[in-house]
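Bear in mind these aren't lab numbers, they're just calculated from the coordinates by the rules spelled out. The model shown is predicted, which means the values in this text are computed figures rather than measured ones. Neighbour counts run over all protein chains shown; Cβ positions are idealised from the backbone, glycine included.
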Amino acid sequence: MRILLFSNQTFDAVFAITLLQSTSNPQATLNEIKQVSKSNATIVVTGLRKAFTKEEFEKMLKKANLNVLILKLDEQMREYA
């Protein structure tokens, strides 16, 4: 995994749209996103349904200490948002 070259607590907002399934270690990616985000940052993460079950996706978010406010699944969508 490649480490981001940003200081801790740098960003007010982070958007990771269908990113996780393209990384070698999705959990480490979420952990790094959390680390470079400010404590009150807005973090939006989506993941393709073919890569993760809803339960796996939510578990990864929680393991990274991200508060899950909305976990939406729409049958017409190909991702969790």
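Of all residues in the stretch 50-81, those satisfying the criterion of being buried (at least 17 other Cβ atoms within 10 Å of the Cβ) and part of a loop (DSSP other than H, G, I, E, B) are Phe52, Ala64, Leu66.
In this entry, Thr29 is excluded by the filter for residues that are within 13 Å of the chain's Cα centre (by Cα), surrounded by 13 or more Cβ atoms within 10 Å (Cβ to Cβ), part of a loop (DSSP other than H, G, I, E, B) and in contact (Cβ under 8 Å) with a residue 12 or more places away in the chain.
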